[in-house]
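**Q** One structure, pasted below without further comment.
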Amino acid sequence: MTETTASVTAARPTSDITKRSLPASLVIHALLIAASLLMLYPLLWMVSASVRPENEIFSSTSLIPSSIDFSSYARGWVGLDVSFGRFFWNSLVISLLVVTGNVIACSLTAFAFARLRFAGRNFWFAIMLGTLMIPYHVTLIPQYVLFLNLGWVNTILPLVVPKFLASDAFFIFLMVQFFRGIPRELDEAAMMDGCSAWRIYWKIMLPLSLPVLATAAIFSFIWTWDDFFGPLIYLNDMNTYTIQLGLRTFVDSTSASDWGGLFAMSTLTLVPVFFFFLFFQRLLIEGIATTGMKR
């Protein structure tokens with residue numbers, strides 16, 4: 001009897017705390033839901049506008065259209081001089097090449113900084129980090145002159161080739177921090193078995209670094225897919241346009257703009273990013289959570 005009374009008494013404080021924290025928890029969740037809906041409203045409105053009749057797009061802020069009209073998708077896909085599928089293909093090729101270049105080149109560079117010993121390693125690492133503070137616009141003109149002299153303007157080479165030369169210091173730094181968390185005993189054991197630095201990188205470091213590699217791949221894909229300024233500078237032929245430049249052609253300051261086609265194609269451009277993120281979501285979260293942590 002005494003033990004039962006004691007257990008009931010001991011359980012009361014926890015129950016009281018739970019009851020007191022329930023209203024606060026409800027308020028917090030309500031605020032979070034409201035903030036989420038506020039942030040999602042522009043996206044939901046864009047999707048709704050893509051299926052509205054043309055004359056109702058800017059006449060209402062409601063998310064529910066008066067009628068469903070999918071003609072904007074057909075008009076947007078073939079309404080330009082070049083099919084929008086061409087823009088999708090160009091963006092996909094550039095994005096996949098950038099992802100490949102960043103993953104390969106940045107992981108090799110990060111492996112050298114994290115595992116190899118060479119003269120001036122700390123100096124060059126500091127220089128590499130210093131490039132993060134240089135605005136892109138500072139190097140834009142010298143790069144453009146260089147690519148112009150190479151005959152690369154109006155091709156995808158200026159957008160792709162630098163990525164195979166480890167030009168993204170952010171990903172290098174991210175991978176260096178991840179590699180430093182992998183025990184060096186694995187390298188030493190492999191060297192005792194006769195492994196070279198290349199085999200250590202290929203057989204040990206890469207298989208253990210899938211989370212950070214996926215993180216770099218996802219960010220590279222999203223940033224390249226959404227990039228407007230780079231293609232605007234280097235691509236002049238409409239057949240080489242990416243989807244961002246293709247979307248810009250729907251809006252014309254000198255004539256009528258096809259807003260329905262713009263919103264329809266903008267909705268379609270979100271689909272590859274959504275599925276790419278969804279497929280690598282687990283590795284992305286793991287890579288961000290474990291980068292820089294000791295194992």
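The values are calculated or read from the model by the stated rules, or taken from the named source; none is laboratory data. Since this is a predicted model, take the numbers as computed values, not measurements. Here the Cβ positions follow ideal geometry from the backbone for every residue, glycine too, while neighbour counts run over all protein chains shown. Surface accessibility is based on the protein's heavy atoms, side chains included, excluding ligands, DNA and RNA. Shrake-Rupley method; radii C 1.70, N 1.55, O 1.52, S 1.80 Å.
**Q** With only Lys, Arg, Asp and Glu charged, each at its Cβ (+1 for the first two, -1 for the last two), find how big the charge dipole of segment 140-211 is about the Cα centre; round to the nearest 20 debye. Show your work: numbers first, answer last.
**A** Numbers: 5 positive and 5 negative charges, 32 e Å.
That gives a dipole near 160 debye.
**Q** Next question, about the same structure. Given 0.36 nm per residue, what is the gain on full extension from SER62 to ARG282 after removing their alpha carbon distance, in nm?
**A** Going from the current span to full extension adds 75.7 nm.
**Q** To continue, here is another question. Between segment 66-90 and segment 191-226, how far is it from one alpha carbon centroid to the other, in angstrom?
**A** Centre-to-centre (Cα) distance: 38 Å.
**Q** Further question: Please name whichever of ASN154, ALA214, MET191 sits farthest to the positive end of the charge dipole of segment 133-259, dipole taken about the Cα centre and charges placed at Cβ: Lys and Arg +1, Asp and Glu -1.
**A** The residue sitting farthest along the positive end of the dipole is MET191.
**Q** Moving to a separate point now. Karplus couplings for segment 171-187 from phi (6.51 cos²θ - 1.76 cosθ + 1.60, θ = phi - 60°), rounded to Hz, Gly and Pro as x?
**A** Karplus-based 3J(HN,Hα) across segment 171-187 equals 5, 4, 4, 4, 6, 4, 4, 5, 4, 5, x, 7, x, 6, 4, 5, 5 Hz.
**Q** Report the extension gain between LEU146 and TRP124 in nm, rounded to one decimal, defined as 0.36 nm multiplied by the number of residues separating them, less their alpha carbon distance.
**A** So the extension gain works out to 5.6 nm.
**Q** Right, next: Pick out which of LEU150, LEU213, LEU235 has the largest mean-square fluctuation in a Gaussian network model of the chain, springs linking Cα atoms closer than 10 Å.
**A** Of LEU150, LEU213, LEU235, the Gaussian network model singles out LEU150 as fluctuating most.
**Q** Cα gyration tensor of the chain, axes a ≥ b ≥ c as square roots of the eigenvalues: rounded (a/c below 1.5), prolate (a/b > b/c) or oblate? Can you show the working numbers first?
**A** Numbers: a/c = 2.64, a/b = 1.06, b/c = 2.50.
The shape class here is oblate.
**Q** Under a point-charge model restricted to the Cβ atoms of Lys and Arg (+1) and Asp and Glu (-1), what is the dipole moment magnitude of the chain relative to its Cα centre, in debye to the nearest 20? Present the calculation step by step, with values, prior to reporting the outcome.
**A** Details: 18 positive and 17 negative charges, 202 e Å.
Computed about the Cα centre, the dipole is about 980 debye.
**Q** What residue among ALA35, ALA217, ALA264 has the largest mean-square fluctuation in a Gaussian network model of the chain, using Cα springs under 10 Å?
**A** Most flexible of the set in this elastic network: ALA35.
**Q** I want to verify a result. In a Gaussian network model of the chain, Cα cutoff 10 Å, which of these has the top mean-square fluctuation: VAL145, VAL93, VAL251?
**A** Comparing VAL145, VAL93, VAL251 in a Gaussian network model of the chain, the most mobile one is VAL145.
**Q** What's the carbon and sulfur percent of segment 84-292's accessible surface, probe 1.4 angstrom, rounded to a whole number?
**A** After summing per-atom areas, the C and S share lands at 70 percent.
**Q** Quick one: net charge of SER107's neighbours, Cβ under 14 Å, K/R +1, D/E -1?
**A** Cβ neighbours under 14 Å give a net charge of +3.
**Q** With a cap of 14 neighbouring Cβ atoms within 10 Å, and only residues DSSP puts in a loop, list the chymotrypsin sites (Phe, Trp or Tyr not before Pro) found in segment 54-162.
**A** Here the sparse-neighbourhood loop sites are PHE58, PHE70, PHE118.
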